[in-house]
Amino acid sequence: MLRLIALVQLLLVVLYLGRIGLFGVFLATLCLMVLYLWVTKRSLDRTHTPLKYEDMPWLYDSVARMANRAKIKTPKVYILEDYIPNAYSFKDSIVLSLGLFEVLQENEILGVVAHEIGHIKNKDTLLFPLISYGRYWMITLSMLTLFSFNLRAILVSLILLLAYEHQRVRFFKKREFMADKAALYVLERPFDLKDALEELSYYEDLRIKVKENVLPGIEPKIERKQKKVFMETHPPYDERIWKIMVEAAALDLMGKLN
C-alpha cells in the first residue's frame, strides 16, 4: 500500500508539473539518498564501543546462538555510552546502551537482543529507514504540487500524504509485533522479552526527551500519559506484553502437543 501511495503521488506531480515536476522528484530523491548515506556513515561514533568476547562472554555467546536459531549472520554488538535504557538495530548490528545493563537482568538483556535480532531477520533495518525517508519524499512532492496552482491536485496530494502517514504508522506497529514474535523463537526462555518490557516500562520518564529514531528499536516513543501523540509509531508496552503472553502460551501448547 505504501508503494502504491508513493507511486500515485509521483504520477500526480509529473502529470501536473511535467518535466519540472520530474526534475523536482529526481532532485528530492537524490538529496534524500545523500542524506541517508551521510546519516548511516555517522551511525557510529566514539560513544559506541564494539562488544568483545572478554567483556561479556555470556552476551557474546548468546547473541551467536540466537542468530544461529534465527538463521542470520551473527550481528555485531555495540555498547553505547548512555545511561538511558535504550536499544536499536541498524544494518547487521545491534546497539545496547549502558543504561540497559543498569536496570535489566542478564536474561532480560537477552530478551531485548532477541527483539533486535527479530528486526534484522525481518529486514526492518532496511525497511524502516526507507519508509521514514519516504515520508520526507512524500512531503517534498506534496510541496511541489503547490506550484501547479491546481486546487484539485493540491488536495489529492495532501490526502495521499495523510494516507502515507497512516499506513506508515500501521506498518511500523506491525513490524514491532513481528520482531517480538520472532524473538520468542530464538530465546531459550520466551518470557525474557516480556520481563524486559515490564521492567523498561518503569523507566519511561527517563526517555521522554529521547528523539524518535528512524531505526528499529526496543522502545516506544515515550510521552507522558497526559500527552497524546498523533500518529504514534510504536505500540504501547501493555499491548506488546499481552501479545507476547498469548504467543508464548501458544508456543508452549504446541510444544506439549508435539
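The values are calculated or read from the model by the stated rules, or taken from the named source; none is laboratory data. Keep in mind that this is a model prediction, so the values were computed, not measured. No Cβ is skipped: glycine too gets one built from the backbone with ideal geometry, and neighbour counts run over all protein chains shown.
A few comments on the model shown:
- Output for segment 82-92, where each listed residue is buried (at least 20 other Cβ atoms within 10 Å of the Cβ) and either hydrophobic (A, V, I, L, M, F, W, C) or in contact with a Phe, Trp or Tyr (Cβ under 8 Å, 6 or more places away or on another chain) (or both): Pro85, Ala87, Phe90
- Odd one out for Leu98 among (1) aliphatic (A, V, I, L, M); (2) closer than 30 Å to Val156 by Cβ; (3) in contact with a Phe, Trp or Tyr (Cβ under 7 Å, 6 or more places away or on another chain): (2)
- Any hit, segment 170-178, residues being assigned to a helix (DSSP H, G or I), aliphatic (A, V, I, L, M), surrounded by fewer than 17 Cβ atoms within 10 Å (Cβ to Cβ) and more than 12 Å from the chain's Cα centre (by Cα): no
- Candidates Leu206, Leu200, filtered to the one that is among the aliphatic types (A, V, I, L, M), part of a helix (DSSP H, G or I), under 24 Å from the mean Cα position of the chain (by Cα) and at pLDDT below 80: Leu206
Yes or no, residue by residue, for (1) at pLDDT below 90; (2) touching a Lys or Arg at 6+ places or on another chain (Cβ under 7 Å); (3) aromatic (Phe, Trp, Tyr):
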residue	(1), (2), (3)
Arg42	yes, no, no
Arg46	yes, no, no
Pro50	no, yes, no
Pro57	no, no, no
Thr74	no, no, no
Leu80	no, no, no
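- Inter-residue pairs, beta-carbon under 7 Å, first closer than 15 Å to Ser97 by Cα and in segment 45-56, second at pLDDT 85 or above and hydrophobic (A, V, I, L, M, F, W, C), 6+ apart: Thr47/Leu80; His48/Leu80; His48/Val95; Thr49/Ile79; Leu51/Leu59; Leu51/Val77; Leu51/Ile79
- Residues that are touching a Phe, Trp or Tyr at 6+ places or on another chain (Cβ under 8 Å), surrounded by 14 or more Cβ atoms within 10 Å (Cβ to Cβ) and assigned to a strand (DSSP E or B), drawn from segment 24-78: His48, Thr49, Val77
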